[in-house]
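Below you'll find the structure, written out as structure tokens, and then a few comments.
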Amino acid sequence: MPLQNFLWMQLQNLSKKYLIENHSKYLRKYPIQFDFTLIISTKLPNPLLEIILKRDDLNLVEIEIWENLIKWGVAQIPKQLSNDPNDWIKEDFTELERKIYNLIPLIRFYQISSKELFKKIKPFEEILPKEIKQDILQFHMVP
């Protein structure tokens, strides 16, 4: 039974991968559940990821989208980065910023709690556009 489950999951992942890689027009038109692990592992092109992130039917918590966007961006960098951004150097942040700059505005930061912002977004504050940082700060500090 575990082998059957594994094979079934492999088939699902291959199907999703095929759709993502070969049928972007279909993805724009019809809802689909996205597995961000698959998206990260396929090195999906930035323009197609942008199409996906613009959708309103992802059925994911916004902080999960942010975390997976960071993982996707890191996966696009040839250099192996530490899982802890506190260990990164300025060039690491710059490289990540180049990879995801156009995707950052697609994150709905207003749907992310202050606690999650502090724990999961603050370590990457350096890559956020100035206006987004200002908007987040105002939203969470000004009643």
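The values are calculated or read from the model by the stated rules, or taken from the named source; none is laboratory data. Since we're looking at a predicted model, the values are computed, not measured. Don't worry about glycine lacking a Cβ; one is built from the backbone with ideal geometry, like all the others, and counts go over all protein chains shown. Quick note on the areas: whole protein, heavy atoms, side chains included, nothing else; ligands and nucleic acids left out. Shrake-Rupley method; radii C 1.70, N 1.55, O 1.52, S 1.80 Å.
Can you confirm whether the range 87-102 contains a residue that is assigned by the TED database to the domain that holds L44, in contact with a Leu (Cβ under 9 Å, 6 or more places away or on another chain), within 21 Å of P47 (Cα to Cα) and not acidic (D, E)?
yes
Quick check: is even one residue across the range 97-112 hydroxyl-bearing (S, T, Y) and either part of a helix (DSSP H, G or I) or surrounded by 13 or more Cβ atoms within 10 Å (Cβ to Cβ) (or both)? Show your work before the answer.
To start, the set of residues in the range 97-112 that are hydroxyl-bearing (S, T, Y) comprises 101, 110.
Cutting the leftovers down to either part of a helix (DSSP H, G or I) or surrounded by 13 or more Cβ atoms within 10 Å (Cβ to Cβ) (or both) gives us 101, 110.
Yes, the range 97-112 contains at least one residue that is hydroxyl-bearing (S, T, Y) and either part of a helix (DSSP H, G or I) or surrounded by 13 or more Cβ atoms within 10 Å (Cβ to Cβ) (or both).
Kindly indicate whether K79 is among the charged types (D, E, K, R), over 20 Å from I52 (Cβ atoms), without any contact (Cβ under 8 Å) to a residue 12 or more places away in the chain and out of contact with any Lys or Arg (no Cβ under 9 Å at 6 or more places or on another chain). Outline the logic, then answer.
On the way: among the charged types (D, E, K, R): yes; over 20 Å from I52 (Cβ atoms): yes; without any contact (Cβ under 8 Å) to a residue 12 or more places away in the chain: no; out of contact with any Lys or Arg (no Cβ under 9 Å at 6 or more places or on another chain): yes.
So K79 does not fit the description; no.
With respect to F124, determine if the residue is under 20 Å from E62 (Cβ atoms), of a type outside the set (S, T, Y) and assigned to a helix (DSSP H, G or I). Working first, answer last.
Numbers: under 20 Å from E62 (Cβ atoms): yes; of a type outside the set (S, T, Y): yes; assigned to a helix (DSSP H, G or I): yes.
In short, yes.
Within the group D87, D135, which residue is open to solvent by 80 Å² or more (accessible area, probe 1.4 Å) and of a type in the set (D, E)?
Values: D135 fails: open to solvent by 80 Å² or more (accessible area, probe 1.4 Å).
Exactly one of D87, D135 is open to solvent by 80 Å² or more (accessible area, probe 1.4 Å) and of a type in the set (D, E), namely D87.
Name the pairs whose Cβ atoms lie under 7 Å apart, with the first residue in the range 47-75 and without any contact (Cβ under 8 Å) to a residue 12 or more places away in the chain and not assigned by the TED database to the domain that holds Y101, the second open to solvent by less than 10 Å² (accessible area, probe 1.4 Å) and of a type in the set (F, W, Y), and 6 or more positions between them or separate chains?
Filtered contacts from the range 47-75: no entries.
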